[in-house]
Amino acid sequence: MTLNLQPTAGLDQFAPEILLGVLGLIVLGIGALTKRRWPLAAPVVTLAGLFACLPLVAMQWRHEQSVIFLGSYVVDDLAVFFKLVAVAAGGLVTLIAMSYMRRVDRDYGEFFALLVWAVLGLCLMAGAADLIVILLAIETVSLLSYVMTGYLRNEPRSAEASLKYFLYGAVASAVMIYGMSLLYGVAGTTKLYGLLGSEALPMQLRLHPSPLQPIAAVLILVGLGFKIAMVPFHWWAPDAYEGAPTPVTAFLSVGPKAAGFAILARLFMQEGNALYPQWPTLVAVLAIATMFLGNWAAIWQGNIKRMLAYSSIAHAGYMLIGVVAWQGGAWTVSDRGGIASHGGLHAVLFYIASYLFMNLGAFAVAIAIERATGCESIERYGGMAKRNPFLAIAMTIFLLSLSGIPPLAGFFGKFYVFNAAIRGAADDAISLSLPFGIHVNVLFWLAVAGVVNSMIAVYYYMNVVRLMYFQPATGLDAEEAEHAIVPSVGVQSVIIITLVATFLLGLLPEALVRFLAESVFPGGLS
Amino acid sequence: MVLQQLGLQHFLALSAILFSVGLFGVISRRNSIAILLGVELMLNAANINLIAFQRYLAPPAGLNLVLDGQIFALIVITLAACEAAVGLAIILNVYRVLRTTTADEVSLLKW
């Protein structure tokens with residue numbers, strides 16, 4: 001770790017964020033000036049800017065941790081990973097939104113400015129190392145999400161979704177801010193990494209054991225649980241996902257969720273963090289509830305966006321398994337080139353990468369079909385295999401990947417997460433002693449719950465596949481049923497990119513595994 | 001004189017009460033604007049905490065971070081203003097479209 005007490009030192013390492021901030025302003029200006037004359041100007045500039053941002057972020061992957069801006073912002077491999085996810089999600093969503101937003105709103109340039117700034121907020125969440133910066137980054141993402149959810153101003157469902165999202169979000173962040181104020185009192189500083197120490201020192205918490213610590217930890221978990229849609233703070237998700245414009249739904253289901261895990265990793269998954277030693281047990285219980293509720297509710301949904309919303313809640317549950325099992329250690333590359341992989345944090349990162357592609361792919365297909373049928377009902381997927389075989393096969397692959405069937409990306413995501421839990425269970429890493437001498441091996445039962453839930457999930461994912469292949473189209477006249485569905489160029493390219501990535505991560509997971517194993521993550525993961 | 005007898009715990013108790021009042025308002029009120037007011041109370045409870053901790057638990061000398069709590073509180077105040085601005089815009093839009101701001105009556109989206 002390098003440390004410089006010049007306030008402006010490290011400005012060069014802040015280049016991607018500066019680029020994103022300026023890009024948002026440029027896109028806003030272009031959107032206002034060009035209006036309807038060149039409707040493609042704003043999204044194309046957005047795409048170019050995000051694309052330019054990728055190498056800037058990738059260059060920061062240097063296996064070292066540097067804390068800049070007087071200890072309030074950190075640039076390390078963990079941050080780089082989450083920034084890559086954020087920028088990739090932003091780019092793919094821009095491609096999806098290009099034609100969608102043009103149809104619903106003629107002056108849509110400002111939408112892309114909001115999207116770029118939301119990506120900026122996600123990047124700030126990835127690198128925040130100070131309670132104040134964490135708070136500002138989360139609020140940046142939240143406020144922009146509320147506005148984007150209600151972007152279809154005249155649509156009652158969109159307006160209602162933004163209201164509900166806002167009210168839940170405001171309360172959750174108020175609770176989190178209260179928790180942060182207590183944490184500040186306990187730690188005596190807002191910095192996550194001590195300024196004076198030569199090595200990363202997770203908040204000098206060990207110095208001040210206090211009864212306030214568990215309260216602060218739980219209150220902060222409420223705010224983060226809201227971001228990642230963890231039960232019981234998930235109530236906003238189905239409503240917001242259903243009412244929001246579908247590209248925004250796609251963005252919300254990936255971006256803020258991933259960034260929430262980044263902050264979870266920084267605040268909680270730290271060696272020697274005495275913030276609240278029992279937090280893994282608490283999160284384990286919530287993870288089991290999250291998986292069961294998400295999958296159970298998804299079975300009964302008739303709206304594709306609502307089904308994907310509940311499925312994304314369930315996926316947050318799977319990721320939380322890896323969070324609970326984080327103590328398994330880091331993934332390492334051995335001398336002979338083999339990779340030892342049993343750490344929960346790395347498993348979560350792999351899961352997030354695979355989830356990014358398969359989920360955005362599923363949403364891209366859903367948007368193509370929604371545009372053609374004008375309706376989000378799952379029943380309208382009947383006969384899709386005939387109306388557009390490509391969309392049907394793509395959707396089938398994404399859903400298979402989401403349900404964790406090899407050799408697709410989702411399988412390895414689940415495999416590594418469950419693997420981390422089972423390894424931890426073998427050591428009985430987290431155990432819970434109940435009255436009457438009952439001893440619970442938390443990680444073991446967590447893995448069992450994950451596997452059971454994967455099986456439940458197959459039911460509703462495959463229901464869509466069944467409709468597409470074995471049911472005739474309903475609610476259409478003969479002419480309409482024959483009518484082919486042609487997705488827009490942007491949506492098509494997203495489907496192809498995500499298909500390739502889903503296959504690549506499934507067939508060659510070693511590439512990403514090696515990338516993660518070679519990365520160095522803070523917090524004494526060894 | 002009175003101020004000298006006040007300890008940190010008094011401020012923490014005050015903020016806990018304020019937080020609970022705000023949370024109660026959020027849960028019991030049905031009007032969106034009243035819920036927003038409850039949220040503001042919760043945020044101000046956090047501010048009282050921050051300022052009180054700043055005053056009573058100044059970090060060890062040499063760390064040179066003595067203003068953390070004050071700055072945090074200022075930023076929370078600013079955030080509350082931003083949140084109110086965005087929130088009122090959303091509520092206004094909901095009123096324009098649905099002719100109500102009562103959270104119960106806004107129920108197109110359900111299970």
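No lab work stands behind these numbers, since they all come straight from the coordinates. Since we're looking at a predicted model, the values are computed, not measured. Don't worry about glycine lacking a Cβ; one is built from the backbone with ideal geometry, like all the others, and counts go over all protein chains shown.
The value of relative contact order for the range B:2-102, using C-alpha pairs under 8 Å at least six residues apart, is 27 percent. Per residue of B:33-40, other chain Cβ atoms within 10 Å of the residue Cβ number 3 on average. In summary, the lysines within cross-link reach of A:Lys164, defined as a Cα separation below 24 angstrom excluding same-chain residues under 8 places away, comprise A:Lys227, A:Lys257, A:Lys305, B:Lys110. Across peptide B:86-98, the average count of Cβ atoms from other chains found within 10 Å of a residue's Cβ is 6. Each 20 Å bin from zero holds the following percent of Cα-Cα pairs in the protein assembly as shown: 19, 55, 24, 2, 0.
Sequentially through the range A:360-371, phi angles give Karplus couplings (6.51, -1.76, 1.60; θ = phi - 60°) of 5, x, 4, 5, 4, 5, 4, 5, 4, 6, 4, 5 Hz, Gly and Pro residues having no value and appearing as x. In sequence order, the range A:230-237 has phi-based couplings of 8, 4, x, 10, 9, 4, 5, 4 Hz under the Karplus curve 6.51 cos²θ - 1.76 cosθ + 1.60, θ = phi - 60°, and Gly or Pro positions carry x. Shape call for the range A:214-274 from the C-alpha gyration tensor, a ≥ b ≥ c root eigenvalues: rounded (a/c under 1.5), prolate (a/b greater than b/c) or oblate? Oblate, since a/c reaches 1.5 and b/c is not below a/b. First check a/c for the range A:335-446, with a ≥ b ≥ c the square roots of the eigenvalues of its C-alpha gyration tensor; if it is under 1.5, answer rounded, and if not, answer prolate when a/b is larger than b/c or oblate otherwise. Prolate, because a/c is 1.5 or more and a/b exceeds b/c. Gyration tensor over the Cα atoms of the range A:18-124: the corresponding equivalent ellipsoid has semi-axes (square roots of 5 times the eigenvalues, largest first) of 29, 13, 10 Å.
Scanning residues 5 or more positions from A:Asp130 or on other chains, those with amide H under 5 Å from its amide H are A:Leu192, with H placed 1.01 Å from N in the peptide plane. Under 1.5 on a/c is rounded, so check that first for the range B:2-102, then, if it is not, pick prolate when a/b is larger than b/c and oblate when it is not; a ≥ b ≥ c are the square roots of the alpha carbon gyration tensor eigenvalues. It is oblate, given that a/c is not under 1.5 and a/b is not larger than b/c.
Tell me the mean residue ellipticity at 222 nm calculated for chain A from its helices only (DSSP H runs of n ≥ 4, each -39500 (n - 2.57), averaged over every residue, nearest 500).
Working: 19 runs with 353 residues, N = 526.
Mean residue ellipticity, 222 nm, calculated: -23000 deg cm²/dmol.
For the range A:105-164 and the range A:386-432, write down the distance between their C-alpha centroids in whole Å. About 29 Å separates the Cα centre of the range A:105-164 from the one of the range A:386-432. Taking packing as the residue-averaged number of other Cβ atoms within 10 angstrom, the listed peptides B:5-13, B:87-95, A:58-66 run from highest to lowest as B:87-95, A:58-66, B:5-13. Can you tell me the 0 to 90 degree angle between the C-alpha axis of helix A:131-149 and the longest principal axis of chain A, rounded to 10? Roughly 10 degrees, rounded to the nearest 10.
Based on C-alpha pairs under 8 angstrom that are at least 6 apart in sequence, chain A has a relative contact order of 15 percent. Averaged over the residues of A:153-164, the number of partner chain Cβ atoms lying within 10 Å of the residue Cβ comes to 6. Provide the percentage of antiparallel DSSP beta bridges, counting only those with both residues in the protein assembly as shown; round to the nearest 5. Approximately 85 percent, going by the DSSP bridge assignments.
When only alpha carbons are used to place a centre, the range A:233-270 and the range A:17-78 end up 20 Å from one another.
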